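Participant: Before we start, here is the structure in question, set down as structure tokens.
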Amino acid sequence: QVQLVESGGGLVQPGGSLRLSCVASGSIFSINAMGWYRQAPGKERELVATITRDGNTNYADSLKGRFTIFLDNAKKTVYLQMNSAKPEDTAVYYCNSNVRPSTWSLSYIYWGQGTQVTVSS
């Protein structure tokens, strides 16, 4: 079993910064990629950013330049640095990981429970 635990959410003022973290633990042979998604009230879950174990990143076009994703492979931790926060960034942010649990298994997608981010003055 693989667990993803997010942290770092909370209240941030417009224009402020916040850093989210997500740690993967459990039965992990290798992590192929990790990422962040978000879901605002009344909306569908959407991509924020992803990063492969080789460091290749992919961002939602609307978030490029404000959000940065980075991965610490040794710590099995992915981070999301949010800058110049806007009220429309308010959402539950979910961590996602493509993990191969063992040498003889396929890779699977796992999700964290989510962390609330609220941008408000």
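The values are calculated or read from the model by the stated rules, or taken from the named source; none is laboratory data. Quick caveat: nothing in here was measured; it's all calculated off a predicted structure. Here the Cβ is made from the backbone with ideal geometry for all residues, glycine too, and neighbour counts use every protein chain on show. Areas reflect the complete protein model, heavy atoms only, side chains present, ligands, DNA and RNA absent. Shrake-Rupley method; radii C 1.70, N 1.55, O 1.52, S 1.80 Å.
Participant: Of F70, Q39, L18, which is farthest on the positive side of the dipole of the range 1-80, counting Cα position, with +1 on Lys and Arg Cβ, -1 on Asp and Glu Cβ, and the Cα centre as origin?
Facilitator: Selected residue: L18.
Participant: Further, regarding this structure: Cross-link partners among lysines for K43, C-alpha distance below 26 Å, same-chain residues fewer than 8 apart left out?
Facilitator: In chain and number order, the partners are K64, K86.
Participant: Could you sort W104, W111, W36 by their accessible area in this structure, using a 1.4 Å probe and putting the largest first?
Facilitator: Result, largest first: W104, W111, W36.
Participant: DSSP loop GluC sites (Glu not before Pro) in the range 26-121 with at most 13 other Cβ atoms within 10 Å of their Cβ, which ones?
Facilitator: Passing both the DSSP loop test and the Cβ count: E44.
Participant: Next question, about the same structure. What do you get for trypsin sites (Lys or Arg not before Pro) in the range 34-121 restricted to DSSP loop and a cutoff of at most 10 other Cβ within 10 Å of the site's Cβ?
Facilitator: K43
Participant: Could you look at the chain and say what percent of its accessible area is carbon and sulfur, using a 1.4 Å probe and all protein chains? Before the final figure, lay out each step's value.
Facilitator: Values: 3110 of 6500 Å².
The computed percentage sits at 48.
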